[in-house]
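The values are calculated or read from the model by the stated rules, or taken from the named source; none is laboratory data. Quantities reported herein were computed from a predicted structural model and do not represent experimental measurements. Ligands, DNA and RNA are stripped out before the accessible areas are found, and what is left, the full protein with its side chains, is counted by its heavy atoms. Shrake-Rupley method; radii C 1.70, N 1.55, O 1.52, S 1.80 Å.
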Amino acid sequence: MGVELVLSLLGGLALFMYGMQMMSSNLEAVAGNRMKQILERLTANRFLGVLVGAGITVFIGNHGHDGGIC
């Protein structure tokens, strides 16, 4: 494993973390308290929380692939 590969991986991870932080803070600013209440209600039950998390993951994952189909 070369130094260049390690630095590329760390740089990619840093960009990913920065993007997640930006998305989180902006989503919180836009949605505010209403989204927090909805998520608290949906994740009160562990089983329902797992289902909601899986559903959101599938939804976001599928949207990432739509652009490549065209």
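Annotations
- The chain: angle of helix 3-42 to the longest principal axis, Cα-based, in degrees nearest 10: 10 degrees
- With all protein chains modelled, accessible area of LEU51 [1.4 Å, Å²]: 90 Å²
- Expressed as a whole percent, the accessible surface of the chain that belongs to carbon and sulfur atoms is 70, based on a 1.4 Å probe.
- Between the Cα long axis of helix 46-69 and the first principal axis of the chain there is an angle of about 50°, rounded to the nearest 10.
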